[in-house]
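Participant: I have a structure here, written as structure tokens, and I will follow up with some questions on it.
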Amino acid sequence: MHDIGLKPRERATIVSVIRKGTSPAIVSEHLDELTLLLDTAGADVSARVYQERVRPDLATAIGKGKLEEVKLLIEENGSSMVVFDDDLSPAQVRNLEKELKVKVLDRCGVILDIFAARARSTEARTQVELAQLEYLLPRLTRMWTHLSKQYGGVGTRGPGETQIETDRRMYRIRMQRLREKLGVIDKQREVQRSSREGLPRFALVGYTNAGKSSLLKAITLAETYIEDRLFATLDTTVRAFELPSGRRALLSDTVGFIRKLPTQLVASFRSTLAEAIEADVLIHVVDVTSDHLRDHIDVVNATLRQLGAGDVPMLLVFNKIDALEDRLMLHDLEAEFPGCVFVSAARSINLGRLMERMSETYDDSTTTSVVHLPYEHGGLVSRLYDHADVLKRDDLETGIRLLIRVPSDKLSEFRSRYGQWTVTDSDA
Ligand SMILES: Nc1nc2c(ncn2[C@@H]2O[C@H](COP(=O)(O)OP(=O)(O)OP(=O)(O)O)[C@@H](O)[C@H]2O)c(=O)[nH]1
Ligand SMILES: [Mg+2]
């Protein structure tokens, strides 16, 4: 793991409020992930604390006794912050900071911090800043600004000192400007996307660090940013490649998902994620070496539904099979997930099979049709190329005959638009 935070690294005590009956394995997995997130943000975890409760305490999330325990712990281990795995209300953060006298963060705050440090492109920076301001606005009190100035470091990167000193009204004005800026970027992206319509579009999605960028590189031979860190990718990259049939297609790679991805981030990254939402086929990449891959699959599916991409045809791809020591496990997974593909992006194992399955999934989710255009309406040909994947073109005496492929769910829309030019189902 790499340190992107301020030096020297900070120390954190992490806390989880768990519902009665939650299995210890799940608790420790969530705290492992929080530890990894903090490591990425530049802090080491000195202690883990958890409390079983029916519901979190309204004022301080944990109870009085636990609070005292945490207080003693941080004095002992010299933590400069306490990080909760659960969402904290602005009031809880205030109360906890007052009691504990160190800065208090929740998981969302840490993720936002990592995104802020990672964002490079104008689009990503604008999106992250908007999400940060939305997160900070209700937390912006005298106490908060005072603390953030006093402590600095993880969780207080914020949108810059000058903004922090301004009041909520300034925040709102800034947020309005960011939204307008994103609106402009959104339009540009839309134009870019529409100019690429017609080609089959595949989008890599998955849990962070699953190997999406590695697969993009392996399939399209594009130079992309790959690293063993969470959220290495914060932008969308689109590359062309050839399917086994020789047909050109597009593959996009985008930001990864994680449990409790802040809603502010999901909302403001909508335009970055639009490429995925509008793809013909989603390639859901799963890290086969993770002990929690089923959990990860659920999180990714839930996030996709939240984005309105729950119905896009999907191909599940298990990556990093080269790193699986237990061959038997691969066997079990193949039985559990029939029809899925098992690959290694790093070693280029099974990529041919993956591309075949990509073609099949695309073909299954689309329908081929024949359109017969009289020459006097030849001007429509270019529009057809925009809306469909044109597989074949014959110039006949009676006009132009095109064999096209359209997403099945768009066929009726297509029929109503071009039906008068004898659209026939070629599969029939
Ligand atoms: N052993 C092994 N490691 C892999 C494989 N594919 C990717 N990795 C490693 O997994 C880590 C994450 O890879 P990325 O391609 O950056 O993952 P990502 O899904 O794009 O991650 P984010 O952009 O952070 O969401 C890197 O250290 C890769 O080298 C593989 O097939 N085998
Ligand atoms: Mg990536």
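The values are calculated or read from the model by the stated rules, or taken from the named source; none is laboratory data. Note that the structure is predicted; figures quoted are calculated from it, not measured. Backbone-built Cβ (ideal geometry, glycine too); neighbour counts: all protein chains shown. In case anyone asks, the SASA skips ligands and DNA or RNA and just uses the protein heavy atoms, side chains included. Shrake-Rupley method; radii C 1.70, N 1.55, O 1.52, S 1.80 Å.
Participant: I need the shape label for segment 74-133. Rule: rounded when a/c is under 1.5, else prolate if a/b > b/c, else oblate, with a, b, c from the alpha carbon gyration tensor.
Facilitator: Prolate.
Participant: Let me ask something else. Given H placed on each backbone N at 1.01 Å, which residues far from Leu391 in sequence or on other chains put an amide H within less than 5 Å of it?
Facilitator: Residues meeting the criterion, in which the H sits 1.01 Å from N, are Leu403, Ile404, Arg405.
Participant: I've got another one for you. Assuming a ≥ b ≥ c are the square roots of the Cα gyration tensor eigenvalues, decide whether segment 196-363 counts as rounded (a/c under 1.5), prolate (otherwise, with a/b larger than b/c) or oblate.
Facilitator: Since a/c stays below 1.5, the shape of segment 196-363 is classed as rounded.
Participant: Now for a separate question. Can you work out the FRET efficiency for the pair Arg417 and Glu278, with r the C-beta to C-beta distance and R0 = 22 Å, to the nearest 0.05?
Facilitator: 0.75
Participant: Say we join alpha carbon atoms closer than 10 Å with springs in a Gaussian network model of the chain; which of Ile219, Ile26, Ile111 then has the biggest fluctuation?
Facilitator: In this elastic network of the chain, the residue with the biggest mean-square fluctuation among Ile219, Ile26, Ile111 is Ile26.
Participant: Further question on the same structure: With a 10 Å cut-off between alpha carbons and a GNM built on the chain, which of Leu88, Leu411, Leu304 moves the most?
Facilitator: Highest fluctuation among the options: Leu411.
Participant: Taking all protein chains in place and a 1.4 Å probe, what share, in percent, of the accessible surface of segment 7-67 do carbon and sulfur account for?
Facilitator: With neighbouring chains kept in place, the figure for segment 7-67 is 57 percent.
Participant: At what distance in angstrom do the alpha carbon centres of segment 175-233 and segment 33-106 lie from each other?
Facilitator: Measuring centre to centre over Cα atoms gives 35 Å.
Participant: Give me the percent relative contact order of segment 366-425, please, defined on Cα pairs under 8 angstrom at least 6 residues apart.
Facilitator: That works out to 50 percent.
Participant: Given a 1.4 Å probe and every protein chain left where it sits, what share in percent of the accessible area of segment 196-363 is carbon and sulfur?
Facilitator: Carbon and sulfur together cover 48 percent of it.
Participant: Roughly how many Å² is the accessible area per residue of segment 196-363, as a whole number, for a 1.4 Å probe?
Facilitator: 40
Participant: What is the sum of charges around Leu391, taking Lys and Arg as +1, Asp and Glu as -1, for the other residues whose C-beta is under 9 Å from the C-beta of Leu391?
Facilitator: With Lys, Arg at +1 and Asp, Glu at -1, the net is +3.
Participant: Another question, then. In the Gaussian network model of the chain, springs joining C-alpha atoms below 10 Å, which of Asp86, Asp394, Asp32 carries the largest mean-square fluctuation?
Facilitator: Most flexible of the set in this elastic network: Asp394.
Participant: Straight-line reach only, C-alpha to C-alpha below 15 angstrom: list the aspartates and glutamates that Lys181 could link to, leaving out same-chain residues fewer than 8 apart.
Facilitator: Partners within reach: Glu123, Glu129, Glu190.
Participant: I need to check one value: relative contact order of the chain, counting alpha carbon pairs closer than 8 Å and at least 6 residues apart, in percent.
Facilitator: Across the chain, relative contact order equals 12 percent.
Participant: Would you mind classifying the chain by shape? Square roots of the alpha carbon gyration tensor eigenvalues, ordered a ≥ b ≥ c; an a/c under 1.5 is rounded, otherwise it is prolate if a/b is larger than b/c and oblate if not.
Facilitator: It comes out prolate by the Cα gyration axes.
Participant: Leaving out same-chain residues fewer than 8 places away, which lysines sit with a Cα under 19 Å from that of Lys98?
Facilitator: Output for Lys98: Lys64, Lys66, Lys71, Lys149.
Participant: What lysines sit close enough to Lys392 to cross-link, taking a C-alpha to C-alpha distance under 30 Å and skipping anything fewer than 8 places away on the same chain?
Facilitator: Lys217, Lys410
Participant: Scanning the chain for helices, which whole DSSP H stretches are 24 Å or more long along the axis (Cα) and average -1.0 or more by Kyte-Doolittle?
Facilitator: The answer, listed by residue number, is 24-41.
Participant: Could you tell me which GluC sites (Glu not before Pro) in segment 255-330 are loop residues by DSSP with no more than 14 other beta carbons within 10 angstrom of their beta carbon?
Facilitator: Glu325
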